[in-house]
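The values are calculated or read from the model by the stated rules, or taken from the named source; none is laboratory data. Predicted model only: the values in this text are computed from it and were never measured. Virtual Cβ from ideal backbone geometry, glycine too; neighbours counted across all protein chains shown.
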Amino acid sequence: MAAKRLHSEFSKRNKCAVYRADGENDFPLLDINFKPSLAAPKKVSDPGAKELFYPLGAFASVNSKPGSTYATLYFACPTQGPDGESSHVMASLFVPKAQTHPGSTPDDRMAVLNDVARGLAEELGCADEAGLPARVPSPTNG
């Protein structure tokens, strides 16, 4: 379904929110969303940012500051949608700080985002060019 409705406008995007099975919490455990993009960002090495970069897709990073819960992944995938043509898809993962497992690592977040993005790339027919491997390689620090 997300493949048919890639949209850059936040209020019109498909969003995947995962909740606890017991229904005890109204807040999602994680949010994943996708949007079309004209290009992937350039990797910028800022030692103070503590950002980890992963060699997958066109751009992949997780902010590794304590308490950070964001992961971003761009992959090559030409699409035609409500916003026109785009050459990439941006995937993002957010885990609310209160929902982050104490032992969770940036690698865990990137593994989840990569797996979901790989599934979308397959659905969109661009898995070969997306560069999303089955296993997430080790990150670099810039």
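Among the residues of segment 84-92, is any modelled with pLDDT under 75 and part of a strand (DSSP E or B)? Walk me through it before giving the result.
Within segment 84-92, the subset modelled with pLDDT under 75 is 84.
Filter again for part of a strand (DSSP E or B), leaving 84.
Looking for residues that are modelled with pLDDT under 75 and part of a strand (DSSP E or B), one finds at least one in segment 84-92, hence yes.
From the list 76, 40, 2, 21, which one is modelled with pLDDT under 85, more than 12 Å from the chain's Cα centre (by Cα), surrounded by 11 or more Cβ atoms within 10 Å (Cβ to Cβ) and among the aliphatic types (A, V, I, L, M)?
Numbers: 76 fails: modelled with pLDDT under 85; 40 fails: modelled with pLDDT under 85; 21 fails: surrounded by 11 or more Cβ atoms within 10 Å (Cβ to Cβ).
Residue meeting the stated conditions: 2.
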